[in-house]
Amino acid sequence: MIEFFKLLSNREISIIVWLLLIFIILTANSKGSFGKFLLVLKALFAKKIIPFYIGIGIYLAFIVTILNKLGVWEFSLYKDFVYWILSTGMVLFFSVSDLNTYKDFTKIVLTATSLTIILEFIIGFYNFSLIWEIILIPTLTFISILAYFAEMKKEDRNSKLVANFLKNVLAVLGFGFLIYGIYQLVSNYNEFFTLSNLKSFLLPPIFTILFLPFIYYVVLYVKYERVFGNLRRYKFLSDKRKRKIRLAILRYANIGLYRIERANKIVLFNKKELQDETDIKSFLRKHI
């Protein structure tokens, strides 16, 4: 564990320090805040979600094991791996309801492999001193939050001006960090161009792409659960009839996201046909 913490950069240490500080202040000043925090934890670890966490753990452990056997994994990658899980991995998992078409998955792949990840890696690779990072992190966060809320009030002219000003400030700061990173890269290129850094750079896009099959399975599960949940509510259908409909939907919708959506619309808007059609399988095959 001590070796793992030695891998943390000044920026990562400053983020952890501020998160701990905010958590301590919230819990110390208000008992209600701690109660809300417990409610959030309870929601994150609900019984329905825990099997997915176990599945994610097994799936990612399998990938790491394979990479380890191929000789490309090393201890220093665990830091990037944990960061990827807590950021990209969990964001993908909790946004499955927004993934409705194959284009949504294509966008994820394009984002994960875009040229901007090179610039982000350079900016993230070179840190300032710990004191400067502790100052910069809350400052940039505060400006970003102000810009976000000002952006929400576009109809107000003053808010729009403030939003544009804060965006320009963030853009200038971001450009400054990039220039600093490029300067450090040119000055210390031997430190940057190493095999370990290459692995660290490639880990996020590779794991994002390898994680997508699991996310696709979760999307399928959520969509089928919605379809079958709607079907379960119908008391005018016998259990035998419902079973036949479910099997037909599984057979004809299969793993097609669009076909599952069509099946859901049939369940919602074709109640009469679901009840009266003598050959329900043919009906579903035709319309799915």
Which of the residues spanning the stretch 101-141 are loosely packed, with under 12 Cβ neighbours inside 10 Å and over 17 Å from the mean Cα position of the chain (by Cα)? Leu115, Thr116, Ile118, Ser129, Ile131, Thr139
Residues within the stretch 191-231 that are crowded, with 17+ Cβ neighbours inside 10 Å and either hydroxyl-bearing (Ser, Thr, Tyr) or at pLDDT below 90 (or both), tallied: 4
Picking from Phe81, Phe93, which residue would you name as being at pLDDT 90 or above, within 30 Å of Arg262 (Cβ to Cβ) and assigned to a helix (DSSP H, G or I)? Phe93
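Against the condition farther than 27 Å from Lys103 by Cβ, in a helix (DSSP H, G or I), open to solvent by 80 Å² or more (accessible area, probe 1.4 Å) and touching a Lys or Arg at 6+ places or on another chain (Cβ under 8 Å), how does Lys281 come out, does it pass?
So Lys281 passes the test.
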Working carefully through the options Ser87, Ser144, find the one that is open to solvent by 40 Å² or more (accessible area, probe 1.4 Å), among the small types (Gly, Ala, Ser) and either closer than 28 Å to Tyr183 by Cβ or not in a helix (DSSP H, G or I) (or both). Ser144
I'm trying to understand the selection: among the residues of the stretch 109-140, which are among the β-branched types (Val, Ile, Thr), within 26 Å of Pro205 (Cβ to Cβ) and not in a loop (DSSP other than H, G, I, E, B)? Val109, Thr111, Thr116, Ile117, Ile118, Ile122, Ile123, Ile137
Say whether the condition of being part of a helix (DSSP H, G or I) and surrounded by 15 or more Cβ atoms within 10 Å (Cβ to Cβ) is met by at least one residue in the stretch 232-239. no
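The values are calculated or read from the model by the stated rules, or taken from the named source; none is laboratory data. Note that the structure is predicted; figures quoted are calculated from it, not measured. Glycine also receives a Cβ, built like all others from the backbone with ideal geometry; neighbour counts cover every protein chain displayed. Side chains are part of the model used for accessible areas, which takes the heavy atoms of the whole protein and leaves out ligands, DNA and RNA. Shrake-Rupley method; radii C 1.70, N 1.55, O 1.52, S 1.80 Å.
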